[in-house]
Amino acid sequence: MLKIRGVSKRYGGVAAISDLSFDLARGEVLGVIGPNGAGKTTLLNLITGYNAPNEGSILLEGRELRGLAPYEICRLGVARTFQVVRPFAEMTVNDNVMTGALFASDKWISAQDAALRAERALDMVGLLHKRQALGSDLTIGEKKKLELARALATKAKLLLLDEVMSGLTGSEIDAVMDAIERVADSGVTILMIEHLVGVILALADRVLVLNFGRELFQGTPEEVIAHPDVIESYLGQPLERLQT
Amino acid sequence: MASLIFQIVVDSLLLGGVYTLMAVGLSLAFGVTRIINFAHGDIVMYGAYAAFFAFVSLNIDPLLSLLFVAILGAIGGYLLFKLTLDRILDAPGINQVLLTFGLGLVLQNVAVILWTGDERSTTPSYAFDSWFLSDDIVVAKGRLIAFGLAVAFVVLLLAWLRWSELGRATRAVSQNRAAASLMGINVRAMYALSFGLSSSFGTATGAIMSFLLPITPFMGFPILVKAFAIIILGGLDSIVGTVIGAFLLATAETTIAYVVPQGIGWAEGVAFFLLVIVLIVRPTGILGTVGRDA
Amino acid sequence: MIAVRGWIIILGSLVVALVAPHFLPPGFSDWLTRLSTLILVAASWNMMANAGLISLGHSGFWGLGAYSAALLANAFHIPFWLSIVPAMLLGAFFGACLAYITGRLRGLFFAIATLATSEALRVVALMVPKLTGGAEGVFVFDQIRPDRITMTSFSLCLAVATVATSYFLSRSRYQYALRAMRDSESAVQMLGVNPARFRIGVTALSGAIASCAGVITAWFTGYIDPGSAFDLKITISAQIAPLFGGLYTVTGPVVGSIAILALSELTRLYFNYSGGVGLLVYGCILVFGVLMMPSGLVGLWKRRRKPVVTDAAVPARAK
């Protein structure tokens, strides 16, 4: 579905991503982990067109994404959430999600269909009861869910999640994990950046470990937590403590 | 021809000094607070009136009253910030634009009501003096004084920012609010301080303008637009950039005034044209780091 | 159902606009003409503000409209209603260019760019006397000027059409994208919205409407010069009326226009000696409006009727 080939991105002289290649199969959930500054968010920005890579190619179903604007990439079926949540503060939760439904494809969507789609997305993340609240009045956990619902309403084939769990309480994490699982089961391909190893272990089919913008290791979650290099450079401490 | 070029250089330098004065306060306040003060021109205007009344009724030279005017400006700016902007710092940017725009209108029209639209000016002897460097190259003494003061002010400001405790805190806030706040710097206090300092520069500039330009309640707007053009040319949050921007604008205006037919009329528009062109071609200005999505 | 009510209100207002001027005293119908121009600039300014674009250049559109109408009328003797067409096209074209060239500029910088462009236009109008008559201005030929009643009806109709446009825009699907753009042009891209398209569209629409106001004034007063056609006061009232009435709402600019026109008449009655008082009042409205009354008169009215304001049109800081 997604092929990343030899992608590099430099800011000034600093390489944020260097020579990164990986594949993402349809329906797969790929977890991306790595220490701060490893280039995880940059990777999402490159895929979604917010930044242009210096080298390499990014293919979605064989189509080059390089040089496309974010809204064009969205219309090809890629959606994302932002690490720093950006709900539209002055709009209701429902209108937020409606916006995602209305403009995300080249095809004309009637307002009724968009409303229906918004309702389904809100239901999926468990935010239906808050649909009339303003985006600015939500808790941080609800804002994360709203971002997820908004991304879902675009009917994306590929969903990119940037630390959706950060700032959430334990029970909220469980709720959002359930939501992501439902999304994955519905056939959406997911690439998720995540700090919580527990979440990765539970959701990811495969894990990509980044360090200094390079691939450190790729494998199943079980392989990753057993891998000495990963423990050394990223985790740096016994796993038991991280999992809690 | 050679003397014309030389005269253009001299005039550009002197005018650049005046423009630096106009813009440096605006740039300082923007650098720290990320708010453009649309009332800055009117603050300059009040400085000019203060110097005028000190000159007429107390017979104090503008260069002397400048000190008191600057202190009054600092207090006024600080209060203005505390009473208005401080309450809407977290609001969308549109509110800050509208608020300072409204403050400017209030300040301007209070002046219209108090002092009418009549033109005034202070008339110290140096205001009319000129030196002739040669037969056809003239240096206006008033502008030379303004130039000297501009240099002094900028050097003082840079030194303060670099070496004083408060100045360093100011720079820290300007570079990264969040980090500065984590370091224990009271960000809001720094905002108020920088606004007071900016107004103090504004009123001091007004005291100097009092012998260079006719003083009217409407003198603020052209000054504001020129200051905009300058700080956008120079890159908004950089004091050195502001100085460069001031001299660029001065050079462009002077050259056009001398070279183009009817140039003096067109020179009035140079700031606007430059502004638009720079915003389009190089949105970060010459030395700036601020992205234009503020 | 609401759409039907909307249509009835629009058609009713159009009938009133056509009939009422016949029965009104001249002073009052002049007042209505000025009110219409105010509604045009206020509502068009509000459309851009709704998408997060703060214009400080509405006097530029106004001036373009006024000059193009006056010059074309004098050159080709076209009737006043026809002169609207080229003026609107020019306003729309200029608006589109402005939005296109300012490209990535946001909020503050967009505002400064619009201010600079409109001032640049004023300098051009002043410095190209061959085309514009320079500082001496342009007189519109008296023979082709319409009578007062026609003028008033015509401007009222334009005002109704403008309010109807912003009403339909606010109920359309585009409103979702425009409101979201106000919040974050960057985030809205990831929902498939091309901000450039919307920003160009809304600025062109706003420019076309605002230039109509200039056309009306050129015909109404019969004379324009660079100072009055590109007057900063136009920009000021364009932003004060929506802010006073209710930012981002359909009725706000109308309520605000009536309110500030009434205010300026009152200040003229009581303080006729000084032009400063009117603008001072405007300034105070801006300052207090921003500080105390972010959702305007319309917001106050709504809050009085229902305690919880959940309308998305209310700015975030209202809470």
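The values are calculated or read from the model by the stated rules, or taken from the named source; none is laboratory data. Remember, predicted model here, so these are calculated numbers, not experimental data. Positions of Cβ are backbone-derived with ideal geometry, glycine not excepted, and every protein chain shown enters the neighbour counts. Accessible surface areas use protein heavy atoms only, side chains included; no ligands, DNA or RNA. Shrake-Rupley method; radii C 1.70, N 1.55, O 1.52, S 1.80 Å.
So for region B:116-127 (the condition being within 10 Å of another protein chain (Cβ to nearest Cβ), part of a helix (DSSP H, G or I) and open to solvent by 20 Å² or more (accessible area, probe 1.4 Å)), does at least one residue qualify? There is no residue in region B:116-127 that is within 10 Å of another protein chain (Cβ to nearest Cβ), part of a helix (DSSP H, G or I) and open to solvent by 20 Å² or more (accessible area, probe 1.4 Å). Of all residues in region A:45-57, those being in contact (Cβ under 8 Å) with a residue 60 or more places away in the chain and not in a loop (DSSP other than H, G, I, E, B) number 1.
Annotation note: of C:S155, C:S118, the sole residue that is open to solvent by less than 30 Å² (accessible area, probe 1.4 Å), assigned to a helix (DSSP H, G or I), over 20 Å from C:R34 (Cα atoms) and polar (S, T, N, Q) is C:S118. Considering (1) more than 19 Å from the chain's Cα centre (by Cα); (2) crowded, with 16+ Cβ neighbours inside 10 Å; (3) within 14 Å of chain B (Cβ to nearest Cβ), the lone condition that C:A73 does not fulfil carries the number (3). Within region C:115-152, if we keep just the residues that are among the polar types (S, T, N, Q) and within 29 Å of C:A49 (Cβ to Cβ), the residue that is nearest to the other protein chains (Cβ to nearest Cβ) turns out to be C:T117.
The residues of region C:77-114 that are facing chain B (nearest Cβ under 7 Å), among the aliphatic types (A, V, I, L, M) and either within 14 Å of C:G57 (Cα to Cα) or in contact with a Phe, Trp or Tyr (Cβ under 6 Å, 6 or more places away or on another chain) (or both), listed by number, are C:L108, C:A111, C:I112, C:A113. Residues in region B:78-97 that are at the interface with chain C (Cβ under 7 Å from one of its Cβ atoms), at pLDDT below 90 and closer than 14 Å to C:F288 by Cα: 4 in all. In the condition set (1) open to solvent by 20 Å² or more (accessible area, probe 1.4 Å); (2) facing chain C (nearest Cβ under 9 Å); (3) free of Cβ contacts under 8 Å to residues at least 12 places away in the same chain, A:A133 is compliant with all but (3). Of the candidates B:L99, B:L64, B:L80, the single residue that is assigned to a helix (DSSP H, G or I), open to solvent by 20 Å² or more (accessible area, probe 1.4 Å) and in contact (Cβ under 8 Å) with a residue 12 or more places away in the chain is B:L80. For B:G241, the criteria (1) buried (at least 22 other Cβ atoms within 10 Å of the Cβ); (2) part of a helix (DSSP H, G or I); (3) modelled with pLDDT under 90; (4) within 14 Å of chain C (Cβ to nearest Cβ) hold in every case but one, which is (4). Taking the condition in contact (Cβ under 8 Å) with a residue 12 or more places away in the chain, under 22 Å from the mean Cα position of the chain (by Cα) and more than 10 Å from every other protein chain (Cβ to nearest Cβ), does C:S170 pass? Taking the combined requirement at face value, the residue satisfies it. Using beta carbons and a limit of 6 Å, which pairs, at least six apart or on different chains, have the first residue in region A:21-41 and free of Cβ contacts under 8 Å to residues at least 24 places away in the same chain and the second one open to solvent by 10 Å² or more (accessible area, probe 1.4 Å) and assigned to a strand (DSSP E or B)? Listed by first residue and then by second, the contacts come to A:D23/A:K3.
Being part of a helix (DSSP H, G or I) and open to solvent by 20 Å² or more (accessible area, probe 1.4 Å) is the filter here; which residues of region C:213-250 pass it? Matches in region C:213-250: C:T217, C:F220, C:T221, C:G227, C:S228, C:L232, C:K233, C:F244. Of everything listed in (1) crowded, with 24+ Cβ neighbours inside 10 Å; (2) farther than 28 Å from C:L24 by Cβ, the single unmet condition for C:A210 is (2). Within the span defined as region C:266-285, every residue fails to be open to solvent by 20 Å² or more (accessible area, probe 1.4 Å), touching a residue at least 60 places away in the same chain (Cβ under 8 Å) and either within 11 Å of another protein chain (Cβ to nearest Cβ) or in a helix (DSSP H, G or I) (or both). When we screen C:G103, C:G95, C:G137, C:G107 for residues that are of a type outside the set (S, T, Y) and over 25 Å from B:A229 (Cβ atoms), the only hit is C:G137.
Does C:L191 fit the bill of being part of a loop (DSSP other than H, G, I, E, B) and of a type outside the set (G, A, S)? So C:L191 fits the description; yes. B:N37 meets each of the listed conditions (1) open to solvent by less than 10 Å² (accessible area, probe 1.4 Å); (2) modelled with pLDDT of 90 or more; (3) in a helix (DSSP H, G or I); (4) of a type outside the set (A, V, I, L, M) apart from (3). Just one of (1) within 10 Å of chain C (Cβ to nearest Cβ); (2) in contact (Cβ under 8 Å) with a residue 24 or more places away in the chain fails for B:L72. It is (1). Just so you know, in region C:168-186 the residues that are in contact with a helix residue (DSSP H, G or I) (Cβ under 6 Å, 6 or more places away or on another chain) and either in a helix (DSSP H, G or I) or farther than 29 Å from C:R197 by Cα (or both) include one that is most open to solvent (accessible area, probe 1.4 Å), and it is C:Y176.
Within region B:102-115, being more than 7 Å from every other protein chain (Cβ to nearest Cβ) and either without any contact (Cβ under 8 Å) to a residue 40 or more places away in the chain or outside any helix (DSSP H, G or I) (or both) holds for one residue alone: B:L114. Taking region B:130-202 and the helices (runs of 4 or more DSSP H) fully enclosed by it, the elements with 1 or more residues that are over 24 Å from B:R87 (Cα atoms), open to solvent by 30 Å² or more (accessible area, probe 1.4 Å) and not basic (K, R) are at B:141-163, B:165-175. Out of all the residues in region A:100-115, is one or more of a type in the set (D, E), crowded, with 24+ Cβ neighbours inside 10 Å and either at pLDDT below 95 or over 15 Å from the mean Cα position of the chain (by Cα) (or both)? So far as region A:100-115 goes, no, none of its residues is of a type in the set (D, E), crowded, with 24+ Cβ neighbours inside 10 Å and either at pLDDT below 95 or over 15 Å from the mean Cα position of the chain (by Cα) (or both).
Which of the residues belonging to region A:50-98 are among the polar types (S, T, N, Q), facing another protein chain (nearest Cβ under 8 Å) and buried (at least 21 other Cβ atoms within 10 Å of the Cβ)? A:N96 - this is the single residue of region A:50-98 that is among the polar types (S, T, N, Q), facing another protein chain (nearest Cβ under 8 Å) and buried (at least 21 other Cβ atoms within 10 Å of the Cβ). The residues in region C:8-56 that are closer than 28 Å to C:T235 by Cα, away from every other protein chain (no Cβ under 14 Å), open to solvent by 10 Å² or more (accessible area, probe 1.4 Å) and small (G, A, S) can be counted, and the count is 2. Of all residues in region C:88-126, those satisfying the criterion of being touching a Gly at 6+ places or on another chain (Cβ under 7 Å) and of a type in the set (S, T, N, Q) are C:T114, C:T117, C:S118.
Listed here are the residues, each with its yes/no results for (1) of a type outside the set (D, E, K, R); (2) modelled with pLDDT of 90 or more; (3) closer than 21 Å to C:V163 by Cβ.
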site: C:P25; (1), (2), (3): yes, no, no
site: C:S29; (1), (2), (3): yes, no, yes
site: C:A43; (1), (2), (3): yes, yes, yes
site: C:G57; (1), (2), (3): yes, yes, no
site: C:I84; (1), (2), (3): yes, yes, yes
